[in-house]
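See below for the structure under consideration.
The values are calculated or read from the model by the stated rules, or taken from the named source; none is laboratory data. Since we're looking at a predicted model, the values are computed, not measured. Glycine gets a Cβ as well: all are built from the backbone with ideal geometry, and neighbour counts include every protein chain shown.
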Amino acid sequence: MSLASHLDELQRKHGDIEREIDDAMNHPSVDDLEIVNLKRRKLALKDAIEKLRGKPTTH
């Protein structure tokens, strides 16, 4: 897999998780822990994207 296609895939997954988070936050029946886990996955993807781009991550 080329670097560009890998970055595209990570960005797609990041967007998918962002939509999942939005959906989960709009449903009161969703557990807060599930939202936290989704946010952690999203952050991990962001970190991986930034690492591949050669940019330092800041939190």
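Summary table
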item	result
Residue tally, condition in a helix (DSSP H, G or I) and in contact with a helix residue (DSSP H, G or I) (Cβ under 8 Å, 6 or more places away or on another chain), over region 9-59	22
Residues being closer than 30 Å to ALA4 by Cα and either of a type in the set (Val, Ile, Thr) or over 14 Å from the mean Cα position of the chain (by Cα) (or both) - total across region 25-50	3
SER5 vs. criteria surrounded by fewer than 14 Cβ atoms within 10 Å (Cβ to Cβ), at pLDDT below 95 and part of a helix (DSSP H, G or I)	yes
Any pair with Cβ under 7 angstrom, 6 or more apart, that starts in region 7-36 at a residue that is closer than 20 Å to LYS55 by Cα and ends at one that is among the hydrophobic types (A, V, I, L, M, F, W, C) and exposed (fewer than 14 other Cβ atoms within 10 Å of the Cβ)	LEU7/LEU52
